[in-house]
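One structure is given below, encoded as structure tokens.
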Amino acid sequence: MGDPLERLGSEAAMGLESTIKEELSMEIDPPLKENLATAEDWRKALNKVVPAVVVLRTTACRAFDTEPAGASYATGFVVDKRRGIILTNRHVVKPGPVVAEAMFVNREEITVHPIYRDPVHDFGFFRYNPDAIQFLDYEEIPLSPEAACVGLEIRVVGNDSGEKVSILAGTLARLDRDAPHYKKDGYNDFNTFYMQAASGTKGGSSGSPVIDWQGRAVALNAGSKSSSASAFFLPLERVVRALKFLQKGGDLYMSKWEAISIPRGTLQATFVHKGFDEIRRLGLQSETEQIARHASALGETGMLVVDSVVPGGPAHSHLEPGDVLVRVNGELETLLDDSVEQKIELEIERGGTPLSVQLVVQDLHSITPAHFLEVSGAVIHPLSYQQARNFRFQCGLVYVSEPGYMLFRAAVPRHAIIKKFAGEEISKLEDLVSVLSKLSRGARVPLEYISYMDRHRRKSVLVTVDRHEWYAPPQIYTRDDSSGLWTAKPAFQLDSMIPSSGVNGKATRMEHVNQVNHQELTDGLSSMETCCEHSSAELNSHNEAGIGSKKRRVEEDMSSDGVLADGSLNETGEVKLENKSATENAVVSDYPGATAAAANASIAEQVIEPTLVMFETEPALRRGDSVYLVGLSRSLQATSRKSVVTNPCAALNIASADCPRYRATNMEVIELDTDFGSTFSGVLTDEHGRVRAIWGSFSTQLKFGCNTSEDHQFVRGIPVYAISQVLDKIIAGANGPPLLINGVKRPMPLVRILEVEFYPTLLSKARSFGLSDDWIQALVKKDPVRRQVLRVKGCLAGSKAENLLEQGDMVLAVNKEPVTCFRDIENACQALDNGDNSGNLNMTIFRQGREIDLLVGTDVRDGNGTARVINWCGCIVQDPHPAVRALGYLPEEGHGELEHGEFVRVRTVHLNGKPRVLTLKQDLHYWPTWELRFDPESAIWHRRMIKTLDCRNL
């Protein structure tokens, strides 16, 4: 595990440790070179270097390999002006898709494209068009790795801590530091020495040149240690070699840049430098040590030792950790790069025993992924050498870089290795694509995976195959180093993703919690998970209105033991509604207590196939009434618990969150004397098994101070009357837009509401505001329990009441009838549907000591909510939803036509009303413009591409 205090230059530290293990070294460094540079020399050097240093703004378009998706700032510098080549770090260039711009010191901004990122070492190159720089005179910075030495005075020039130009001074203290270990599951450099200096670089300085007084780059800034001022620099020997290959290839393709191959070899083994004292303990013979000391440069204090070997690699079963490398034909890394696909011989000592091994050098690029599968937001690709080394897995396994929607829903974590899918073994990405192409959309199949944290046990989950209309069809992205882009193509024919009509279900075991014998509440309870996405042609409905007892019964064809009858899984049926007294008595007699169990059908966390549902709205619950909470726990165990009502009409008051989101308003809830926690859900029933309320979950935001907040979840009872009015209209077949529900098209009711948020105030406090005794007595007579009056908290922007009601108004009466609770206003709104008054309420309000009669309009809404969203430049755009309108204003709308690569001015307004103008560049290659529309006929969101870019035309 790496030291969390070591970090990449463009990233924040991952954490702090209370104790730090300092390295002990007794090294004999070479003599210090005398520094003869003057202040004038440094001034001249910096004047030449600074114009060639650029600020890089990068956006990782997808999570890939070791890097997550996101935006960051870093530094780079020009190393070839004629060809337009910029040097920076590998973790800046990114191993995956990236969009980047470079800004010079005179604020000229140009687009840059990645042309190379080293698979192991922390360097990479961007390319730009040199002709695009019109107003700046600059020169390239020469690379001089041979100039680095201990004691050399250096300057680090770059974008440190967000500053556009920052110059930090330091002195090279070490040239042989081990490569820093940043993260156990991220990018780490290895098989190289690093330089160290106390220059104190911070985030944003990644890729900065480390220069001497002559303006030469002697190293590349890569990372730092937050517990001290130490900075880590990458030597430039391998950088110079790679640059020569690019320059040579650039001369061959002057008219158009082509991908250039830079030979890189590997044994898939990690070597570390250890001192002779430690190597002796590993068994090194004294004769071997003597030969090594005489053959090495003056001051050499150790040798290379095998630290780890990747399973399945060329060195696997040949080299072991602890092997001492004695002799090789030349410098190790140079030998590997020059001997790709060839055999080399290594002489080692293992526990004092000399050995000679012959190994075939593998092409390093062949185990560096250059393609990935994107399906339902997930990014899946072959396991890279970097991560295989971190996790001790074989290269090329199917690796989940980002779980996305489909895999996250099945609890498959990031860094998982997929081993089996739909019963077939998965060894490479092509196997996964092949299996996925054979599965129908909506099918539920098992998936087995392993993780590096629990590598010896496979975990099995159920995955619902759902590419989901929110995401593009499954695509294979492939890297193209000629253009610097990743091109996409369909992973398979979309016709193969046909809808599934299968239904999977299973019964749940009962668990009794309370001591009271309440067996009848859970008799016949069964749990069923359905996935039906088609409608049957043999649907039959039987709806009857005029149910005077205010009870709703849902009867399904079930056998006497509570199991669905034969054939009920193969077709979709509509519920039957009865209102005859004889039928009611017979059903209740045949299914004693089943109503409470079946009422779990209304809970969103599970789907219950009910025997009977019976809602009871009258009489209302009172303080001290006994109720039973019946439902399913998080583990899908049926439970029942007894409690007592403490407050049957508690006004719900949820404050606005930092980000506008749904919150329940104008609602009274039921409070109990028992805290059941937030993990238990179900329904509240009386002693006769009649459903009196839904035990629902609410979310609020608790704020600590000015900038800290935390989401908090709590549960309360939602009275049945809150849904009774809407349910009446659904059952009666009220006029409204049709919606497909469980394979049945039903007209959804249009609900008339007053788009105003209210809150209750006690009458004793209302008297202090000047409310007359006559009105107080009238309100007490209307409701002697609540003894309250409703006040206006705010009107929704765009509503008909917006310019009529004001904050603080007391609502005394509606249509000359006193009003004391939210339900009174809801009933008044519903009564307008039967009248002829253009949907207006005659409201009597009390405002600043005066009674005022107002005619306030109501609004008609359906329950579909947002039915259209647009994805533009990676952001979701939609009409303001009620949570935004509840803030009291509507944002202004804009329009315009924008092409690929063009900038646009975007005016935004913060929640506090502060406007801001941003500039945005449209990239249709990685973020095409598309829309989603909800189709009530099929109850499915349909995706339509609005504007995209054909990468073949680039």
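The values are calculated or read from the model by the stated rules, or taken from the named source; none is laboratory data. Fair warning: this is a prediction, and the values are worked out from it, not measured in the lab. When we count neighbours, we look across all protein chains shown, and the Cβ atoms used for this are built from the backbone with ideal geometry, even at glycine. Surface areas here come from the heavy atoms of the whole protein model, side chains and all, with no ligands, DNA or RNA. Shrake-Rupley method; radii C 1.70, N 1.55, O 1.52, S 1.80 Å.
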Options Gln268, Gln247, Gln290, Gln285: the member that is among the polar types (S, T, N, Q) and on the phi > 0 side of the Ramachandran plot: Gln268
Single residue of Tyr399, Tyr405 found to be open to solvent by less than 50 Å² (accessible area, probe 1.4 Å) and either part of a strand (DSSP E or B) or farther than 13 Å from Asp185 by Cα (or both): Tyr399
Check on Asp675, within 30 Å of Asn912 (Cα to Cα) and in a loop (DSSP other than H, G, I, E, B): no
Residue satisfying condition, being in a strand (DSSP E or B), at pLDDT 85 or above and more than 30 Å from Leu804 (Cβ to Cβ), within set Leu924, Leu918: Leu918
Any hit, segment 886-899, residues being outside any loop (DSSP other than H, G, I, E, B) and more than 28 Å from Ile110 (Cα to Cα): no
Lone unmet requirement of (1) surrounded by fewer than 16 Cβ atoms within 10 Å (Cβ to Cβ); (2) in contact with a helix residue (DSSP H, G or I) (Cβ under 6 Å, 6 or more places away or on another chain) for Pro818: (1)
Members of segment 783-824 that are assigned to a loop (DSSP other than H, G, I, E, B) and of a type in the set (Lys, Arg): Arg786, Arg787, Lys800, Lys816
Test for Ala169: is it open to solvent by 20 Å² or more (accessible area, probe 1.4 Å) and aliphatic (A, V, I, L, M): yes
So Trp941, is it over 30 Å from Lys816 (Cα atoms), hydrophobic (A, V, I, L, M, F, W, C), part of a strand (DSSP E or B) and modelled with pLDDT of 90 or more: no
Total residues in segment 854-879, condition part of a loop (DSSP other than H, G, I, E, B) and farther than 19 Å from Val751 by Cα: 3
Test: residue in segment 205-221 that is of a type in the set (Val, Ile, Thr) and closer than 30 Å to Tyr452 by Cα: no
Looking only at segment 712-728, and only at residues there that are part of a strand (DSSP E or B) and crowded, with 20+ Cβ neighbours inside 10 Å, the one that is farthest from the chain's Cα centre (by Cα): Pro719
Selected residue (criterion: nearest to the chain's Cα centre (by Cα)) from residues of segment 240-270 that are among the hydrophobic types (A, V, I, L, M, F, W, C) and open to solvent by 20 Å² or more (accessible area, probe 1.4 Å): Ala259
Residue list for segment 757-782, filter: assigned to a helix (DSSP H, G or I), within 20 Å of Phe822 (Cα to Cα) and of a type in the set (Asp, Glu): none
From the options Gly312, Gly204, Gly275, residue that is at positive phi and not assigned by the TED database to the domain that holds Ser72: Gly312
Flag for Val210 being within 25 Å of Pro95 (Cα to Cα) and open to solvent by 30 Å² or more (accessible area, probe 1.4 Å): no
Set Thr59, Thr88, Thr75: member being open to solvent by 20 Å² or more (accessible area, probe 1.4 Å), polar (S, T, N, Q), touching a residue at least 12 places away in the same chain (Cβ under 8 Å) and touching a strand residue (DSSP E or B) at 6+ places or on another chain (Cβ under 7 Å): Thr59
Boolean, Lys244 is without any contact (Cβ under 8 Å) to a residue 12 or more places away in the chain, outside any strand (DSSP E or B) and either in the same structural domain as Ala71 (by the TED database) or not aliphatic (A, V, I, L, M) (or both): yes
Meets criteria (farther than 23 Å from Lys793 by Cβ, open to solvent by less than 70 Å² (accessible area, probe 1.4 Å) and more than 26 Å from the chain's Cα centre (by Cα)) for Leu932: no
Checklist (1) buried (at least 16 other Cβ atoms within 10 Å of the Cβ); (2) at positive phi applied to Phe393, failing item: (2)
Only listed residue being in contact (Cβ under 8 Å) with a residue 24 or more places away in the chain, surrounded by fewer than 16 Cβ atoms within 10 Å (Cβ to Cβ) and either assigned by the TED database to the domain that holds Ala734 or among the polar types (S, T, N, Q) (or both), chosen from Asn864, Asn871: Asn864
Residue in segment 731-742 that is in contact with a Ser or Thr (Cβ under 7 Å, 6 or more places away or on another chain) and surrounded by 19 or more Cβ atoms within 10 Å (Cβ to Cβ) present: no
Test result for Ala102, more than 30 Å from Thr266 (Cα to Cα), crowded, with 20+ Cβ neighbours inside 10 Å and either among the small types (Gly, Ala, Ser) or in contact with a Gly (Cβ under 8 Å, 6 or more places away or on another chain) (or both): yes
Segment 280-307, subset of a type in the set (Gly, Ala, Ser), outside any helix (DSSP H, G or I) and farther than 18 Å from Leu355 by Cβ, residue most open to solvent (accessible area, probe 1.4 Å): Ala297
Top-ranked residue of segment 357-368 - restricted to ones that are assigned to a strand (DSSP E or B) and touching a Lys or Arg at 6+ places or on another chain (Cβ under 9 Å), ranked as farthest from Pro321 (Cα to Cα): Asp363
Residues of segment 47-84 that turn out to be touching a His at 6+ places or on another chain (Cβ under 8 Å) and either closer than 14 Å to Val112 by Cβ or of a type in the set (A, V, I, L, M, F, W, C) (or both), as a count: 1
